[in-house]
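Written out below as structure tokens is the structure these notes cover.
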Amino acid sequence: MPDVIGNPDKRVFTPGRLPQISEPVMRLNPASDPRKMRRIIAEDPEWSLAIIPLLRDLCLQHIVKNFENNPILNELHPSHRAKVLEKLSTKLPLKVTANLISDEGYWNRCCTERWGVCDVACYENSWKRMFFERHLEKIIELFIPDVTDIKTVLDVVPLCKNYVKKLNISQLLPPVKEQQMNEDDNASDTASDLGHEGPSIDHFDFCTLLDKLTHLEELHLVYGVTGCGMNFEWNLFEFTYRDCQSLAKALKSCKTLKVFRIHQSKVDDEKVRLLISSLLDHPFLTVLDLSHNLIGDRGARAIGKLINERKMKSVTVYDNKIRAHGAQAIAYALTKNTTLTSLNLRLNQIGDEGGQAIAHALLKNATLTNIHLGSNELTEPTATVLSQVLVQNKTLRNINLSCNRLGLDGGKQIQEGMSYNTTVVEFDVRLTEIGQESEYSISQILQNNREKARKKPITESGVKK
Amino acid sequence: MNPAENGSKEPEPVESVPSVESDIPEERIAARRLRIAARIEAKKREALGDDPDPKKEVKQELKSEKQVEQSRQRLTKLKSDGTELVTNIQVAADSRESQRRTDEAEARRQRTERLESEAKMSLEKFEDITKKWTMARSKEVPQDLWEMLNVQQQQCALLIEDKNKLINDLQQELKASDDRYVKDLKKQAEDIDLMIERMEEQIKNLMKSYREELNQIEKSFELERRELLDSNHNKWEQMMQYRRDKELQFLMMRMKRVEEQERQLQQLRVQDAEEYNMIKIKLETDVQILEQQLQQMKATYQLNQEKLEYNFQVLKKRDEENTITKSQQKRKITRLQDILNNVRIKLTKQDKQFREENHGLTEDYKRIMEQYKEMQKKMKHFANVDAKKFQEIWLMNEEEIKELVQRALETDRIIHEQQLGLTWEKPHLPFMERSGPIVPEHKKKKLALQLAEEVIRSKGNTDAAEEWEAVCAPGTLSDSLPFQEQDRLDTGDTEISADQSLKISVKTIKRLLEILCDETGFLIESKLLKLLSPLEKDEQSLMKLDAIFMALGIENEEDVHKLADFFIRYRQQQTVDGKDADEDESPGKSESHAQKEIGDGSSHRSSSSDLIHPNNVLQALRDFTKEHCKPRDKSQKLFNLNERDDSKDAAYWEDMVNVIPESKLKVWDALYNALEKYHHVLTERMKLINETDGMKQQNSELRMLLHQYVNSRVNAELEIPPTQVMQIESSWN
């Protein structure tokens, strides 16, 4: 019985079909001879009349097979299209698929096959966007100047420019040098070598790319190498002046940019000034992030100017070297600006002088909601001014003063200020040595404020209804 | 985590309900604020139209909400605690970093200080050494030099040693910092591990607690739902019970009603049956009657049928006859057709003939018309000539007659003065002053327009108007005064109106004219109005009146007066207060008027200030034209035909003839007779005088003769003288 079932020719039992059975089969299979094996199969679970697939299915199969040479998709009936998309290979060249296929299911398969771990929520639930953004990121991250052909990047651009909104580039490789071959030999005195090598270690030039990506809104850059391991070398993490120039030019050409972030790239005052001078008349830029860099007071002054001139919403400059003067410049900008909602100055050294300046600015500002002044060497004098701010300012919601030695007296002053405040929702005073009592009362007030803030939108929406 | 939760839960109620009696001032302030906020909220609710009822509902639903609120608080607490726990690591790292930075800065400062001091020291030493080099050159003793060199060497070695030491120190520091870096790295790795661990733990915790809370919330909701269900079920039951009761009630009511209605139905049925019977009987009798009638009708039908059959036969015969006559008529028609054709031909002939005739006649007519026109021309000419002749003859005759009259009058005067010895008064003879043929009265009358002009010119000056009236009135009235009384009684209306019209005051006429002017503007052509606009008001109204009079057919003064009179009467007709009363009162009213003796009624009318209401003017005018248009037409025609009215001529001439009245003639006759007699007497006397004269002559002659005779000697010779004889004779006489 099983051999009969296994036989594709299920019409065995129909006597009229006899002549079609080929000779060898007859010879091999004694059951094929109905005279010898005369049996009727009562039940066959796999029995099906559709042995030959439908012509439609064959056609679709053919389309799938030859999709690379002859892509037919949009002309198909929706149900057929779905079938084709289901079977299409993810290895198809992007040139064919990029602008033709918009089905999320296909791109979902592409992404999962390529990277495994994917969080589509970060890409507005668009698998296609995710695929192209990560694809382009990968290409740029693996781009080695003077070695990789620039065409590899430029070829992809026309395919993905409609879908890329965000570029999160976590490394930029430096050009490969002859010295790199010998770097193991003289690894001890790399610092001395870097001095005269400077101009020759420029990274990928964004000028060629950014003006072509017409939908780009976010750009995250790190001029450095991840996972260099024991091949560490200082010049791997160099952000040269020429890099900076080209980046500034590229930023100027990219008019759609809204968010710009450059991390851990040794951006010093000069470079910041160069970048910001190119950003001063940028039409849409609202978020700027310059964390983990080497920005000093002059750079801070430039940032203050940018805050003043542009309608920035968020500025993040934590882990830099901004001191009192820079903080004063930013504070001055705060008094003038009416759009900035978030300011992060964590891990700088603005000291009491800068802290007081910023606190005074907050007395006048009515838009800023988040401020982070953690680890800034602030002490009691700043706390006194801040307590005043807490009483007067009605827009601040999040304040972070952690890791500042405010002391017991400062804590009391802040506690007093908080007792008049109804808007601040979060106030981080960890490691500020303000005393348990103050900390506790502040947390109580915060909880109250939180409850109020929670109820407010509900009642407002209720009234509106 | 639980202790933290408990810790956070305990103070919450205290914090959430701050009392006004609290010891802490902040709390009291907060309490008052809360109170105020609550009041404002309540007011807002009221303003929005919300009742406090929703609050109750909220309270009822509180169980689940409470549960949700509790869960939410617990979860937020959990979350914030968790995040704090996680971020604690970051904060610690931050603080470590900042600490490191400060330490680093300090160390760097110390290091640079040390380097600087060392550099200074070494520089000093180096200078020392270099100084000594110069000293060494001055040394000439080799041993000294050697010593010196040794010392230098030692010093140099020291210097180098110092430097090396420093370098070693720095290298050690570098190593230490390297170690620290490695440590930091390790620490960071640990931190990250810790963080991940905590995160995972928190996620686990959160998941767990979320699930728990979810369960609890679900439970509470279910509980509430059950309660709700129960309550609703109860309510449902109640309602059902209520409904059942009601249904029962309704059923009972329905049954009752059904019974009642059945009873009513029964009653109705009985009634209807009775009625039915009655009707049935009635209808049966009706049927019988109708059957009888039917029989009768049938009989009549039979009769009629027979009659009709007979008629039919007759008609058939007639029809036959008719066919015969029809054929005859047809034949006749053909014959008549022939005749008609003949007649037509004749007609056309005649028509032609007549047309020609007509043509000839029209030409004749034209000719005659021309002749007639010529005749008319001639006639006009002759009329003019005749008129002239007539005038001349008239004038001649008049002159003659005037002479005669003059003579008659003269004679009359002479008679009166000389014969009768009476003073003679010259009678008033108007015709004497006049010459030419009489012009008919109406022609002589003033034209209506002239009157109007006068009236209007006299505007405002009432005295003048009255004067004028006084002037015009007596002239006409003095003669007619004696007649007037009689005339009023028996002569026609026109006479009276003519008389009366004269007495209508100017004021009234003026008013009338003004009203006419104002009310009958439609009679005036619009062109005229345009032309009039630049003129004065008087002129304007005059011109307007002219137009109006033209339209109304008013030509002369009399017509105007008629009109006025008509209006007044019209008004009087309208206000029938009794004319008698009016007339009785009128004398009193009309005292001021100049002619108060004449015509009480008229004077009253003229004085009545409200002539006619402007609104009635049109109606009045219509009536007026109806009444007065016809006579006018006739007179007009007559006047045109006769050209001249000689009715008055006879009177005129009669007047001339009657210059000497009948009485005078009688006087004259008497005088004539007397004079005749006187004449006769005078003639007799003359005769007698003549006789006496003759006699006297004879006497004287005779005397002479006698005297002669007497005186004659003869006589003396006679025995008896004649004288004696005479004496005797005289005595005899």
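Derivation of every value follows stated rules applied to the coordinates shown; laboratory data play no part. Please read these numbers as outputs of a predicted model, since none were measured by experiment. All Cβ positions, glycine included, derive from the backbone under ideal geometry; neighbour counts span all protein chains shown.
Just want the answer: with Cβ charges of +1 for Lys and Arg and -1 for Asp and Glu, which residue in B:L290, B:N358, B:S327 is farthest toward the dipole's positive end in segment B:284-361? Projecting each Cα onto the dipole axis, the largest value belongs to B:N358. How would you classify segment A:301-435 from its alpha-carbon gyration tensor, with a ≥ b ≥ c the square roots of the eigenvalues: rounded for a/c under 1.5, else prolate if a/b is greater than b/c, otherwise oblate? Cα axes put segment A:301-435 in the oblate bin. Extents of segment A:287-334, largest first, come to 24, 19, 12 Å (Cα atoms, principal axes, whole angstrom). With r as the distance between the Cβ atoms of B:M121 and B:Q153 and R0 = 22 Å, compute the FRET efficiency 1/(1 + (r/R0)^6) and round to 0.05. Once the sixth-power term is evaluated, E becomes 0.70. Label-to-label distance, A:L76 versus B:D286, with points set 7 angstrom from Cα along the beta-carbon direction: 9.2 nm. Please give, to one decimal in nm, the separation of the simple spin-label points placed at B:A273 and B:M704, each 7 Å out from Cα toward the Cβ. Going from the B:A273 label point to the B:M704 one covers 18.0 nm.
Per-residue mean of other chain beta-carbon atoms within 10 angstrom of the beta-carbon, peptide B:86-93? Don't skip to the end; give the middle numbers.
Numbers: counts 0, 4, 3, 0, 5, 10, 4, 3.
Whole-number average of other-chain Cβ neighbours for B:86-93 is 4.
A:C59 versus B:R367, label points 7 Å from Cα toward the beta carbon: distance in nm? With each label point 7 Å from Cα toward Cβ, the separation is 11.7 nm. If R0 equals 22 Å, the separation of the Cβ atoms of B:H680 and B:Q419 corresponds to a calculated FRET efficiency of about 0.90.
Can you give me the relative contact order of segment A:212-344 as a percent, contacts being Cα pairs under 8 Å and 6 or more apart? If you can, show how the numbers build up before the last one.
Values: 244 pairs, mean separation 28.5, N = 133.
Over segment A:212-344, the number comes to 21 percent.
Counting, for every residue in A:421-432, the Cβ atoms of other protein chains within 10 Å of its Cβ and taking the mean gives 2. Label 7 Å along Cα→Cβ of A:K212; segment A:130-147 residues with amide nitrogen under 14 Å? Residues A:136-137, A:139-140 qualify, since their backbone N sits under 14 Å from the label point.
Counted by Cβ distance under 14 Å from B:P661, the other residues give a net charge of -3, where Lys and Arg count +1 and Asp and Glu count -1.
Provide the FRET efficiency to the nearest 0.05 for the B:A136-A:I144 pair, computing r from the beta carbons and using R0 = 51 Å.
Efficiency at R0 = 51 Å is approximately 0.25.
Taken residue by residue and averaged, Cβ atoms of other chains lying within 10 Å of the Cβ of B:94-104 number 4.
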